[in-house]
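Undergrad: The structure that follows is given in the form of structure tokens.
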Amino acid sequence: MLDFNVYAFKDYIRHRLLHSVHNETLAKFELVMNKLDLKPKEAILDAGAGLNVFCFEMARRGGTVVAIDVNSSKMIMIKHIARKMRFRMLDICVASVTNIPFRNDSFNKVLCSEVLEHVPDDKSVIDEFYRIIKRGGKVVITTPLLKSKKVFKAISKYPEDHVRSGYTVSEIQKLLHNSRFQNINIELYCGALLNFLAEIEFKLARIIFGNLENNMFFSLNYSSVPHGLDWLLVVKIFIIKLLLPFDNFTGSFSQICVTGIK
């Protein structure tokens, strides 16, 4: 069951609603939380946290969470929301995932969601994860799936802020293996059905709300987003929960979730 406390996250939801909560994010939420298998008081790093929901959910479930990102505005936003939600075990740090300012063996688990495709030196990122994870600890990574090199060569331009369009299964597996991670497990998700719905949703959102990229996305005044729209996300989460089992049979997956053990 998708464990997403809509009302607890109402301030966060109001901030993100105008920019559409991606179907891919909703699809991976349960998957990622299951892969993390969070235990109370475990030390967890949300690497490249941005403005995702995972750091809040991990804190809500009793983890001792640190969210890091190079974007200080996003970290301030996370800290502000954490205070309003009274998550005392959620801290922030403005830092790069290629140079994480923590000692060796500091964390039980590391989550890195939709970050590697933005970083030129992805090998350094994985090496840093291995360094800071305790023996027996786990890394959970999500990233776009690149199905073949032929597809890669056919792409004329990367998505905004990406240095690569994604990884093939063999590439992401090799990346973790070269950094000495073991018991590497890969799962594909977000199939053709959710991708089709996401495309329709994004087009509708542009028609209704205009230019999403310039419409309060980096504004700290997120409380000015109309409160009356909260119910739309509740409806959407319910619909996605119903469609997820069917999406697994549609193929054409666009995302990878990979885990590794130190």
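Undergrad: Could you give me the residue pairs with C-beta distances under 6 Å whose first residue belongs to segment 100-123 and is in a strand (DSSP E or B), whose second residue is among the basic types (Lys, Arg) wherever it lies, and which are 6+ apart or on separate chains?
TA: Taking only residues 6 or more apart or on different chains, the pairs are Asn108/Lys134; Lys109/Lys138.
Undergrad: I'm trying to understand the selection: among the residues of segment 98-122, which are touching a strand residue (DSSP E or B) at 6+ places or on another chain (Cβ under 7 Å) and basic (Lys, Arg)?
TA: Correct list: Lys109 only.
Undergrad: Which one of these does Ile78 not meet: (1) under 22 Å from Glu117 (Cβ atoms); (2) in a loop (DSSP other than H, G, I, E, B); (3) touching a strand residue (DSSP E or B) at 6+ places or on another chain (Cβ under 7 Å); (4) free of Cβ contacts under 8 Å to residues at least 60 places away in the same chain?
TA: Among (1) under 22 Å from Glu117 (Cβ atoms); (2) in a loop (DSSP other than H, G, I, E, B); (3) touching a strand residue (DSSP E or B) at 6+ places or on another chain (Cβ under 7 Å); (4) free of Cβ contacts under 8 Å to residues at least 60 places away in the same chain, the lone unmet condition for Ile78 is (2).
Undergrad: How many residues are small (Gly, Ala, Ser) and farther than 13 Å from Ala95 by Cα when one looks only at segment 63-83?
TA: Selection size over segment 63-83: 2.
Undergrad: Look at segment 146-173 and say how many of its residues are outside any loop (DSSP other than H, G, I, E, B), at pLDDT 90 or above, farther than 22 Å from Ala49 by Cβ and not acidic (Asp, Glu).
TA: Qualifying residue count, segment 146-173: 3.
Undergrad: While we're here: Can you confirm whether Glu117 is at pLDDT below 95 and under 23 Å from Asn183 (Cα atoms)?
TA: So Glu117 fits the description; yes.
Undergrad: If only one of Ala67, Ala59 is buried (at least 17 other Cβ atoms within 10 Å of the Cβ), small (Gly, Ala, Ser) and modelled with pLDDT of 95 or more, which one is it?
TA: Working: Ala59 fails: modelled with pLDDT of 95 or more.
One residue alone meets the criteria, Ala67.
Undergrad: Within the group Leu45, Leu36, which residue is modelled with pLDDT of 80 or more, under 18 Å from Phe107 (Cβ atoms) and touching a Lys or Arg at 6+ places or on another chain (Cβ under 7 Å)?
TA: Leu36
Undergrad: Also: Just the residues that are touching a helix residue (DSSP H, G or I) at 6+ places or on another chain (Cβ under 8 Å) and not in a loop (DSSP other than H, G, I, E, B), please, taken from segment 81-90.
TA: Ile81, Ala82, Lys84, Leu90
Undergrad: Additional query: Report the residue count in segment 42-75 for those that are under 23 Å from Val125 (Cα atoms), in contact with a Leu (Cβ under 8 Å, 6 or more places away or on another chain) and assigned to a loop (DSSP other than H, G, I, E, B).
TA: 1
Undergrad: Restricting attention to segment 70-91, and to residues there that are among the aliphatic types (A, V, I, L, M) and either touching an Asp or Glu at 6+ places or on another chain (Cβ under 8 Å) or at pLDDT below 90 (or both), which single residue is surrounded by the fewest Cβ atoms within 10 Å (Cβ to Cβ)?
TA: Going through the qualifying residues, I end up with Ile76.
The values are calculated or read from the model by the stated rules, or taken from the named source; none is laboratory data. These numbers come from a predicted model, not from an experiment. In this analysis, Cβ positions are derived from the backbone assuming ideal geometry, glycine residues included, and neighbour counts consider all displayed protein chains.
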